[in-house]
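Q: My structure is below; once you've seen it, I'll send some questions.
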Amino acid sequence: MQYSEEQVRRAKSTDLVLFLQSQGEKLIKSGKEYRWMAHDSLTVRGNCWFRHSRGTGGGPIDFVMEFYGLTFPEAMKKLTGEEGEERRVAKDAPKQGIPAPSPDFRLPRRNRDENKILEYLTKTRGIQEDLVKVFISNGDIYEDEKHHNIVFVGKDRSGIPRYAHIRGTEEEKFRGDVAGSLKEYSFCYRGNSDQLYVFEAPIDLLSFIQLFPKGWEQRSYLSLGGTSDRALTAFLSDSPNITSVFLCLDNDKAGEEVCEKIAGKEVPCERIIRLKPVLKDWNEIICHQEEMQGRNPVADTVVLKAPEKEEIVPMIYYKDVEATSVEWLWFPYIPFGKLTIIQGNPGEGKTYFAMKLTAACTNRKYLPTMEAIEPFNVIYQTAEDGKGDTIKPRLIECEADLSRVMVIDDTEIPLTLMDDRIERAIRQNKVRLLIIDPVQAFIGADVDMNRANEVRPVFRKLGNVAEQTGCAIVLIGHLNKSCGTQSTYRGLGSIDIMAAVRSLLFIGKVKKDPTTRVLIHEKSSLAPPGETLAFKLGDEEGFRWIGGYDINADDLLNGKEGKPTETKLERGTRLMEELLKDGKEIPLKDIQEKAAVMNISSRTMRDVRNRMGERLVYGKGTGRENTVRLKSD
């Protein structure tokens with residue numbers, strides 16, 4: 001049975017006030033709305049309803065399905081008075097109208113509150129209450145009345161429930177789909193970016209968002225409801241904007257087999273990336289913060305499918321593609337073997353930051369949250385500043401090891417990005433970081449930066465050099481003078497330059513305090529974006545990191561102010577100092593438990609202890625547990 005789009009449109013436009021009155025229901029006018037006496041926290045206005053006690057609402061179809069306990073066909077008939085038509089079409093005929101859910105599909109009756117499922121999800125599974133309530137308010141999660149199970153609702157793009165998965169909250173964990181559920185419409189969250197993150201179960205989906213919360217509302221998330229890829233196929237066919245799929249399935253044999261199966265199909269997206277959890281699944285990481293000991297939640301990042309590097313093939317079959325892991329110079333800002341661009345207006349700190357990055361790589365002068373790495377050789381190729389009067393003094397000021405910093409001698413033949421000397425210099429000198437400052441100076445006299453067909457082969461070749469050598473290539477770029485456009489489009493030259501890089505960092509001044517600069521992770525193709533960081537430059541104290549900052553690149557370019565925030569490292573340090581004041585000696589596990597409540601990971605707390613160094617004294621408690629205290633003055 002199916003309904004035409006016109007029938008669905010008329011059902012959705014039903015005036016709920018008139019509908020309830022026709023059913024003999026008692027309504028009381030309250031301002032511009034009407035309160036339904038059968039549910040005193042529920043009001044209706046026109047074709048919309050809202051349940052204030054739960055923060056949920058919607059339109060006529062889901063209203064009738066939920067409060068009258070009807071199936072989709074029954075709800076359509078009650079609202080329009082019309083029967084749907086039997087679906088008698090050939091298999092290859094084009095789809096017309098909107099097919100109804102199975103006649104057997106009926107959402108379990110909703111409980112009057114969500115206390116039971118909130119307790120289970122927050123206390124047993126460790127998921128933050130605010131995050132759970134977002135999904136409850138959207139009508140995607142609720143507690144059923146009869147058994148107090150969790151109901152995860154899957155909806156189509158029109159917002160009509162098509163699927164429901166039940167998860168028990170008692171010791172015997174019942175799991176199963178509601179009869180008549182369509183697996184193609186599994187539990188999901190639809191954002192507006194081009195990235196989709198895929199999981200086996202809804203609780204892992206929620207756990208991943210908690211682990212990587214920055215900008216999560218912009219991305220899309222999908223639970224397969226198991227290991228079938230039917231939901232992924234349906235989601236992608238309905239979401240042509242998705243170009244990158246991140247497979248976040250369990251770290252076990254079944255999860256690996258599903259990832260291999262998906263990667264071997266003709267999936268309509270540009271890239272598929274496997275993000276493997278360091279434990280069995282993402283919720284296990286949430287539940288075992290203490291055992292994590294600061295480890296990266298992502299055990300491995302494997303590119304299973306990537307855009308073709310050649311405009312004209314021979315074809316490459318994925319059975320012949322060797323899976324590769326992404327190695328990080330500075331997670332998640334700068335990957336090895338890829339292109340990264342740092343852009344901003346002239347004089348705003350891009351070059352000075354590049355100097356600090358050079359010092360981090362050559363002399364262990366690490367950036368915030370940067371993991372320890374063995375020093376390695378760096379090429380710093382510049383065309384704007386003098387080597388002797390500007391570059392070397394700044395490198396010395398930043399404490400770089402000058403015996404590991406070099407430059408390609410292009411005195412006789414100017415260097416360009418297409419020059420084979422770049423790859424040879426990287427290989428011959430075992431270079432792991434190449435900085436090109438500014439990129440516009442090395443594009444080549446015969447290349448028009450504003451023509452995509454001329455820019456594309458230049459950056460394709462440079463990207464190949466990075467991938468084949470494992471060298472991180474960082475490009476410094478200036479902005480154009482356009483006003484009112486998005487920051488991504490403000491880089492000089494074709495937008496293809498922005499598309500070619502895997503990570504895009506933006507550096508700019510804060511309008512009210514020009515000595516304050518912010519580093520914003522504008523684009524991240526291989527991991528969730530990093531937090532925004534701020535540093536001081538231009539006053540008598542010199543360069544120094546000052547913490548986090550709440551602002552995006554577009555607002556910064558438009559002169560908006562934003563505000564300072566604490567980084568997780570700073571929050572962890574403050575927590576440690578507060579807990580250990582007055583000579584207190586506390587078990588490390590107790591400190592980590594308090595940090596977890598503040599969403600500070602074990603990895604960050606490990607960095608806090610490393611940075612506090614000799615200020616801390618470690619010992620053993622009465623139960624032989626590891627303890628820590630502040631060193632006495």
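The values are calculated or read from the model by the stated rules, or taken from the named source; none is laboratory data. Nothing here was measured: the structure is a model prediction, and the numbers come from that model. Cβ coordinates were reconstructed from backbone atoms using ideal geometry, including for glycine residues, and neighbour counts include every protein chain displayed. Just so you know, the surface numbers come from the protein's heavy atoms only, side chains and all, with ligands and any DNA or RNA stripped out. Shrake-Rupley method; radii C 1.70, N 1.55, O 1.52, S 1.80 Å.
Q: In the structure shown, do any of Lys133/Lys265; Lys280/Lys568; Lys560/Lys584 have a Cα-Cα gap over 32 Å, and if so which?
A: Listed pairs above 32 Å: Lys133/Lys265; Lys560/Lys584.
Q: What does a probe at Ala299 reach in the stretch 186-221, counting residues whose amide N is under 14 Å from the point 7 Å along Cα→Cβ?
A: none
Q: May I ask you to compute the full-extension gain from Thr515 to Asp130, defined as 0.36 nm times their residue separation minus their alpha-carbon distance, rounded to one decimal in nm?
A: Once the chain is fully extended between Thr515 and Asp130, it gains 135.0 nm.
Q: Normalise the Cα radius of gyration of the stretch 509-633 by 2.2 N^0.38 Å (N = residues in it) and let me know the number.
A: Its radius of gyration relative to the 2.2 N^0.38 Å reference: 1.31.
Q: List the residues whose amide H sits under 5 Å from the amide H of Cys48, counting only those 5 or more places along or on another chain, with H placed 1.01 Å from N in the peptide plane.
A: Placed amide hydrogens put Leu16 under 5 Å from Cys48.
Q: Another question, if that's okay. Taking N as the number of residues in the stretch 368-468, what is its Cα Rg relative to 2.2 N^0.38 Å?
A: Compared with the compact-globule rule of thumb, the stretch 368-468 sits at 1.17.
Q: Okay, moving on. What net charge is computed for the residues neighbouring Glu200, neighbours being all others with C-beta under 10 Å from the C-beta of Glu200, Lys and Arg scored +1, Asp and Glu -1?
A: Net charge around Glu200: -4.
Q: Right, something else. Report, largest value first, the span of the C-alpha coordinates of the chain along each principal axis, in whole Å.
A: Projected onto the principal axes, the Cα atoms of the chain cover 88, 69, 53 Å.
Q: Using all Cα-Cα distances in the stretch 328-565, what percent lands in each 5 angstrom bin from 0 up to the longest?
A: Answer for the stretch 328-565: a P(r) of 1, 6, 14, 19, 21, 18, 12, 6, 2, 0 percent.
Q: If the only charges are +1 at each Lys and Arg Cβ and -1 at each Asp and Glu Cβ, what is the size of the charge dipole of the stretch 328-565 around the Cα centre, to the nearest 20 debye?
A: Computed charge dipole of the stretch 328-565: roughly 400 debye.
Q: Then there's this: Using R₀ = 22 Å, calculate the FRET efficiency as 1/(1 + (r/R₀)^6) where r is the Cβ-Cβ separation of Glu397 and Glu374; round to 0.05.
A: 0.40
Q: With the other protein chains left in place, how much accessible area per residue, in square angstrom, belongs to the chain at a 1.4 angstrom probe?
A: On a per-residue basis, 48 Å².
Q: Taking the 0 to 90 degree range and rounding to the nearest ten, how far is the long axis of helix 602-612 tilted relative to the main principal axis of the chain, both from C-alpha atoms?
A: Result, in degrees: 30.
Q: Taking 0.36 nm per residue of separation and subtracting the Cα-Cα distance, what length does fully extending Ser53 through Ala499 add?
A: Length gained, Ser53 through Ala499: 156.0 nm.
Q: Additional query: Expressed in nm to one decimal, what extension gain is obtained for the pair Asp389 and Glu5 from 0.36 nm per residue of sequence separation less their Cα-Cα distance?
A: 131.1 nm is the gain from fully extending Asp389 to Glu5.
Q: Per residue, how big is the convex hull around the C-alpha atoms of the stretch 145-188? Give it to me in cubic angstrom, could you?
A: 75
Q: Another question about this same structure. Of Lys356/Lys392; Lys509/Lys536; Lys261/Lys305; Lys338/Lys509; Lys29/Lys78, which sit over 20 Å apart, Cα to Cα?
A: In this structure, Lys338/Lys509; Lys29/Lys78 exceed 20 Å between Cα atoms.
Q: Okay, moving on. For the chain, with all protein chains present and a 1.4 Å probe, just round the carbon and sulfur fraction of the accessible area to a whole percent.
A: Here carbon and sulfur together make up 47 percent of the probe-accessible area.
Q: So for each of 529-541, 13-25, 377-389, 333-345 I average, over its residues, the number of other beta carbons within 10 Å; can you give me the resulting order with the highest mean first?
A: Per-residue mean Cβ counts within 10 Å order the peptides as 333-345, 529-541, 377-389, 13-25.
Q: Could you list the residues of the stretch 109-151 with an amide nitrogen less than 11 Å from a label point located 7 Å from the Cα of Ala38 in the Cα-to-C-beta direction?
A: Nothing falls inside the zone, counting backbone N under 11 Å.
Q: Could you order Leu27, Leu121 by accessible surface area, starting with the largest, using a probe radius of 1.4 Å?
A: Per-residue accessible area, sorted high to low, gives Leu27, Leu121.
Q: Tabulate in residue order the Karplus-calculated ³J(HN,Hα) for the stretch 337-343, using 6.51 cos²θ - 1.76 cosθ + 1.60 with θ = phi - 60°, rounded to whole Hz; enter x for Gly and Pro.
A: Couplings: x, 9, 9, 10, 10, 10, 10 Hz.
Q: Turning to a different aspect of this structure: Take the alpha carbon atoms of the stretch 569-630, find their radius of gyration, then divide it by 2.2 N^0.38 Å using N residues; give the quotient.
A: So the stretch 569-630 has a normalised radius of gyration of 1.02.
Q: Mind checking the log10 I(q)/I(0) for the stretch 429-483 at q = 0.15, 0.17, 0.22, 0.23 Å⁻¹? Debye, one equal scatterer per Cα, no solvent, two decimals.
A: -0.50, -0.63, -0.96, -1.02
Q: Lys183: accessible area at probe 1.4 Å, nearest 10 Å²?
A: Counting only protein heavy atoms, the figure is 40 Å².
Q: Of Met418, Pro332, Trp216, which is farthest towards the positive pole of the chain's charge dipole, taken about the Cα centre with +1 and -1 on the beta-carbons of Lys, Arg and Asp, Glu respectively?
A: Highest projection toward the positive end goes to Trp216.
Q: What distance in nm separates the two pseudo spin-label positions at Lys461 and Glu290, each 7 Å out from Cα along the beta-carbon direction?
A: 5.8
Q: Quick check: net charge around Gln592, other residues with Cβ under 10 Å of its Cβ, Lys/Arg +1 and Asp/Glu -1?
A: -1
Q: Using just the Cα positions, wrap the stretch 114-305 in a convex hull and report its mean projected area in square nanometres, one decimal place.
A: Reported value for the Cα convex hull: 10.7 nm².
Q: Let me ask something else. Apply the Kirkwood formula to the stretch 5-80: the hydrodynamic radius equals the inverse of the mean of 1/r over all pairs of different alpha-carbon atoms; give it in Å with one decimal.
A: When all Cα pairs of the stretch 5-80 are included, the Kirkwood radius is 12.5 Å.
Q: Packing-wise, with mean Cβ within 10 Å as the measure, how do 578-584, 473-479 rank, highest first?
A: Ranking the peptides 578-584, 473-479 by packing returns 473-479, 578-584.
Q: Among 554-564, 596-606, how do they line up by average Cβ neighbours within 10 Å per residue, starting with the highest?
A: 596-606, 554-564
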